[in-house]
1. Chymotrypsin sites (Phe, Trp or Tyr not before Pro), restricted to segment 162-271: which are DSSP loop and have at most 15 other Cβ atoms within 10 Å?
2. Between beta-carbons, use under 14 Å as the cut-off and find the net charge around Ile185, counting Lys and Arg +1, Asp and Glu -1.
3. Sorting Ile321, Ile29, Ile254, Ile65 on the 10 Å Cβ count, fewest up front, what's the list?
4. Summing Lys, Arg as +1 and Asp, Glu as -1, what charge do residues with Cβ under 10 Å from the Cβ of Val296 carry, Val296 excluded?
5. Cα-Cα pairs above 38 Å in the chain: how many percent?
6. Taking the chain as the reference, fit the longest principal axis to its C-alpha atoms, fit the long axis of helix 353-363 to the helix C-alpha atoms, and give the angle between the two in degrees, 0 to 90, nearest 10.
7. Hey, what do the phi angles of segment 266-274 turn into as Karplus ³J(HN,Hα) couplings, whole Hz, using 6.51/-1.76/1.60 and θ = phi - 60°, x for Gly and Pro?
8. Name the residue, out of Asn51, Asn229, Asn36, whose mean-square fluctuation peaks in a Gaussian network model built on the chain with Cα pairs under 10 Å.
Amino acid sequence: MGSDLKKIFESFNADGSFAEAVQCGSGHIHDTFRINTSENDKEDYILQRLNNKVFRNIPELQENIERVTNHLYRKLLTVPGADLKRECLTLIMAKKGVSWTEDEEGNFWRMFVFISNHRSYDIVDSPDKAFEGGKAIGRFQALLADLPGKPLHETIPSFHNVEKRIDNFMYALKMDPSGRVKETIRETDFILKRADDMRIIQKLAREGEIPVRITHNDTKFNNILFDENGKSLCIIDLDTVMPGYFHSDFGDAIRTGANIAAEDEEDLSKIKMNIELFGAYARGYLSETKNTLNAVEKEYLAFAPLLMTYEQALRFLTDYIDGDIYYRIHRKHHNLQRTHAQIRLLESMEEQFSGMKKIIENLI
Ligand code: ADP
Ligand code: GN1
Ligand code: MG
């Protein structure tokens, strides 16, 4: 990508002058750069080229982010001693008066203050971190419960609607656009065998048993930034904050935070859900949300990680069959490998499901 990052940086109202851009992060969606400024006393920044194939309406996406970050900022103002530059995302306005900019090639960009001296974890190595992460996600949901105004835009329609995802998968199987269906017989069988069981949250929601709330919807553990002392600082990656079910956030955080191996680990024997990490995360999460969740939400909390791991396997497999059009890949069969890793993780959760249910029962 030949974008002139200095010029794009200068189209925003940043304080400080461009010194260098360094690509960063392990996200699958945007292109993210840390912009270091020349002055020691000025902030550094995060500049992101937004994926507008995934997010089709950038003004709506940015309107959501503005509303959410402003709301969180106002809440933080009431907390004595809060570090306003590190405990919430600060969006930088572009000189044109909106919070994004479009370059000559039609790419959309936005910028945040860089949260200094943070840590983030693709793999969680201690129950303390899992507890702290669970607390952070629970608090995030609680802080957004009273977001004023109209509902947030659905930035990706039906994002965690597993029934729609199954339909899309069936369509991909039928169309076989890349001729890869023949390579995915075993994986497809695994997915289809579980499809009916996985519809339960959608069904309960339709019946009014599970409410729509404001949720993050991408609670991958590396979207929680920590400080140098292991305390959670800030939740990032707010593109999918929108109406959803609490289960998605709890489930996705366990999928990523309680797996002792990487999301795409090739050696399947290394993949396992660590039940101690599950328990610590659940304890942190419920310390913030126990009084909000209704009885049905609580009853299905232990199931949520299975659902989200299933959904992720389904999404990676669909993308493989579609010819790798959604997720950034780093090698040829990456999406298939990711599918295998998620299937193995789901099997590990299935083996431990009764233990997971007991842990939740003891916490609620
Ligand atoms: P993606 O949707 O591609 O995952 P993210 O918004 O999560 O994009 O950003 C990618 C990475 O950039 C993060 O994992 C994190 O390392 C880094 N990052 C994003 N925003 C900030 C920020 N405000 N301060 C510091 N690092 C950030
Ligand atoms: C993407 O943006 P990132 O890398 O944090 C994806 C999530 C998936 C995740 C799998 C908008 O998250 O839904 O769970 O990859 N985000 C979007 O790693 O699709
Ligand atoms: Mg991310």
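Values in this text are rule-based calculations from the coordinates and carry no lab data. All of these numbers come straight from a predicted model, not from anything done at the bench. Neighbour counts run over all protein chains shown; Cβ positions are idealised from the backbone, glycine included.
1. Those that pass, being in a loop and sparsely packed, number zero.
2. Values: positive: Arg180, Lys182, Arg186, Lys193; negative: Asp176, Glu183, Glu187, Asp189.
Computed value for this residue: 0.
3. On the way: Ile321 26, Ile29 18, Ile254 32, Ile65 21.
Result, fewest neighbours first: Ile29, Ile65, Ile321, Ile254.
4. Working: positive: Lys298; negative: Glu207, Glu209, Glu297, Glu299.
Within the 10 Å Cβ shell, the charges total -3.
5. Details: 10659 of 66066 pairs.
Distances greater than 38 Å cover 16 percent of the Cα pairs.
6. Once rounded, one gets 60 degrees.
7. Here the 3J(HN,Hα) series is 7, 7, 5, 5, 8, 8, 6, 7, 8 Hz.
8. Top of the fluctuation ranking is Asn229.
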